[in-house]
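The next block holds one structure in the form of structure tokens; read it before the comments.
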2 protein chains.
Amino acid sequence: MSVTDQYLLNNENYAAGFTGPLPLPPSQNVAVLACMDARLDVAAALGIGEGEAHVIRNAGGVATDDAIRSLAISQRLLGTREIILVHHTECGMLTFTDDDFKQQIQADTGIKPAWAAEAFPDVEEDVRQSIRRIKASPFIPHTDAVRGFVFDVADGRLNEVK
Amino acid sequence: MSVTDQYLLNNENYAAGFTGPLPLPPSQNVAVLACMDARLDVAAALGIGEGEAHVIRNAGGVATDDAIRSLAISQRLLGTREIILVHHTECGMLTFTDDDFKQQIQADTGIKPAWAAEAFPDVEEDVRQSIRRIKASPFIPHTDAVRGFVFDVADGRLNEVK
């Protein structure tokens, strides 16, 4: 059985206990931008209930243009006001460089991606970089409540980046 | 108290019961690309355990270039092989058009985004569009196991898009 099929079986149990539907706009007016890392269960780690918060995730939890797109839609159309950034310790993005990754893809496929891979050598500094990108964006109207954290994969704690 | 501060308090409880760390590569070799919607708890709805799967999320769950970036890193550096796409019913992306959204931003700020908002009028067709983008990408090596679903926010079920 594929993992996908196993997760579909899991979904039958989930649906059996489901109580919905909830309203579309996030009830807590917050958006989270976090890394895709498998060890980070965003809802569990922050205690986010269903219907409360948008959760945006990508490789690194980086404020890419696509994350800005999602945050713009979140704030402008669905009323969120706070933004929480979550990077984490032992991130895969610390283990390579954009140049090496793109050269490897070019060596394998003949084509070099036109996008940045967004690898970073310092997780706290990348949280600050993402905060700066969000505050500098003309498309995100509410940037008074943007805070960034590093999730520690060893102890489960969120540590704020100042 | 801000919502962020409440979630930090929740995190103290989470960390108190935390058992880690887990290995970096996803143990189930799967990546999920899902919408950021607040009503969709991806880990709960699919029964994904911590450490098992990458979870990528954006407005719509669309296979944007940034999602392709994340999937390329997931497969090429961290060994995932299956991809699960999750859109959902009553999605906010069904409620506007790219042109209207971008004109509103231009009217408010004077600046029109250089990116597509990725709104869509048909959720199942957008799942198919995202599958086609993934299969067409030269940067994602493993596309034999890409399946797409629509999560029903009324009953919690995942319905496969054929």
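The values are calculated or read from the model by the stated rules, or taken from the named source; none is laboratory data. Owing to the predicted nature of the structure, the values given are computational and were not obtained by experimental measurement. Reconstructed Cβ throughout: ideal geometry from the backbone, glycine too, with neighbour counts over all protein chains shown. Side chains included, ligands, DNA and RNA excluded: accessible areas come from the protein's heavy atoms. Shrake-Rupley method; radii C 1.70, N 1.55, O 1.52, S 1.80 Å.
Relative to 2.2 N^0.38 Å, what does the C-alpha radius of gyration of the protein assembly as shown come to as a ratio? Two decimals please.
Numbers: Rg = 18.1 Å, N = 324, 2.2 N^0.38 = 19.8 Å.
For the protein assembly as shown, the normalised Cα radius of gyration comes out at 0.92.
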(message) Quick query: amide H of A:Ala116 versus all other amide H atoms, modeled in the peptide plane; which residues come in under 5 Å with a sequence gap of 5 or more or a different chain?
(response) none
(request) Could you work out how far the C-alpha centroid of segment B:84-162 sits from that of segment A:7-50, in angstrom? (result) 18 Å
(request) Could you pull out every residue, at least 5 positions away or on a different chain, whose amide H is within less than 5 Å of the one on A:His88? Hs are placed 1.01 Å off N in the peptide plane, and Pro or chain starts have none. (result) A:Phe151
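Take A:Thr97, A:Thr89, A:Thr4 and sort them by solvent-accessible surface of the protein heavy atoms, 1.4 Å probe, largest at the top.
On the way: A:Thr97 70, A:Thr89 40, A:Thr4 5 Å².
Accessible-area ranking of A:Thr97, A:Thr89, A:Thr4, largest first: A:Thr97, A:Thr89, A:Thr4.
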(message) If I model a spin label at A:Ala16 and A:Gln104 as a point 7 Å from the Cα along the Cα→Cβ vector, what separation in nanometres do I get?
(response) 4.2 nm
(request) Treat each spin label as a single point 7 Å out from the Cα along the C-beta direction, and report the A:Asp122 to A:Asp144 distance in nm. (result) 3.1 nm
(request) In whole Hz, with x marking every Gly and Pro, tabulate ³J(HN,Hα) for segment B:155-162 from phi via Karplus 6.51 cos²θ - 1.76 cosθ + 1.60, θ = phi - 60°. (result) 10, x, 8, 8, 10, 6, 9, 9
(request) Using only the alpha-carbon atoms of segment A:22-160, report the extent along each of the three principal axes, biggest first, to the nearest angstrom. (result) 48, 36, 27
(message) Check which residues have an amide H placed less than 5 Å from A:Gly148's amide H, if you skip close sequence neighbours.
(response) A:Leu85, A:Val161
(request) Return the sequence-ordered ³J(HN,Hα) values of segment A:86-95 in whole Hz as given by the Karplus equation 6.51 cos²θ - 1.76 cosθ + 1.60 applied to θ = phi - 60°, using x for Gly and Pro. (result) 10, 9, 7, 5, 6, 6, x, 5, 7, 9
(request) Put a label point 7 Å from Cα along the Cβ direction on A:Ser27, then list its distances to the equivalent points in the other copies in nm, shortest first. (result) 3.2
(request) Using the Kirkwood radius over Cα pairs, work out the Stokes-Einstein diffusion coefficient for segment A:40-91 at 25 °C and 0.890 mPa s, in µm²/s as a whole number. (result) 203 µm²/s
(message) As a test of the formula, what do you get for the protein assembly as shown when each DSSP H run with n ≥ 4 contributes -39,500 (n - 2.57) and the sum is divided by the residue count, at 222 nm and rounded to the nearest 500 deg cm²/dmol?
(response) -11500 deg cm²/dmol
